[in-house]
Amino acid sequence: MNSIYSEKKEFVEKLKEAFVMIPGIADIEYRSTNDGTVEMVKVTYFGGGPVYINVAADSLEAIAGEVVNLVRGYPVVGLIHRQTYAQEVWNTLE
């Protein structure tokens, strides 16, 4: 995995430490292809299914903003609405 994608993965792991303290959030995870053409964050809620966000080419600040918007109920630019498709893609990523 390219260093920028490793950095993003590490960043999301640090975000996770804070966000799982919020009631209802079970997990947050980042995955990407080796070349970064597909980058996704998955937010999993207790008692609910996962929500997937397309974060391809996003900065660290933009990734954090997308997760904050999702949790607060605000519009998420990269929200993937087709959850079945998102799950299939997610399963192919590292």
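Odds and ends about this structure:
- Rolling a 1.4 Å probe over the heavy atoms of the protein chains gives segment 1-47 an accessible area of 56 Å² per residue.
- For the chain, the alpha carbon convex hull comes to 88 Å³ per residue, rounded to a whole number.
- Only Lys, Arg (+1) and Asp, Glu (-1) charged, at Cβ; the chain dipole about Cα centre in debye: 280
- Computed per residue of the chain from DSSP H runs no shorter than four, each worth -39500 (n - 2.57), the mean residue ellipticity at 222 nm is -12500 deg cm²/dmol.
- Positive-end ranking of 91, 48, 18 along the dipole of the chain, with charges on Cβ about the Cα centre, is headed by 48.
- Considering only 30, 75, 64, the residue lying farthest towards the positive end of the dipole of the chain is 75, judged by Cα position with unit charges set on Cβ.
- Fully extending the segment from residue 10 to residue 84 would add 24.0 nm, taking 0.36 nm per residue of separation and subtracting the current Cα-Cα distance.
- Loop-located chymotrypsin sites (Phe, Trp or Tyr not before Pro) in segment 1-55 (DSSP state other than H, G, I, E, B) with a sparse environment of at most 11 neighbouring Cβ atoms within 10 Å: 46.
The values are calculated or read from the model by the stated rules, or taken from the named source; none is laboratory data. Worth saying up front: this structure is predicted, and the values here are computed from it rather than measured. Quick reminder, even Gly has a Cβ in these numbers, built from the backbone with ideal geometry, and neighbours come from all protein chains shown. Protein only, heavy atoms only, side chains kept; ligands, DNA and RNA dropped before computing areas. Shrake-Rupley method; radii C 1.70, N 1.55, O 1.52, S 1.80 Å.
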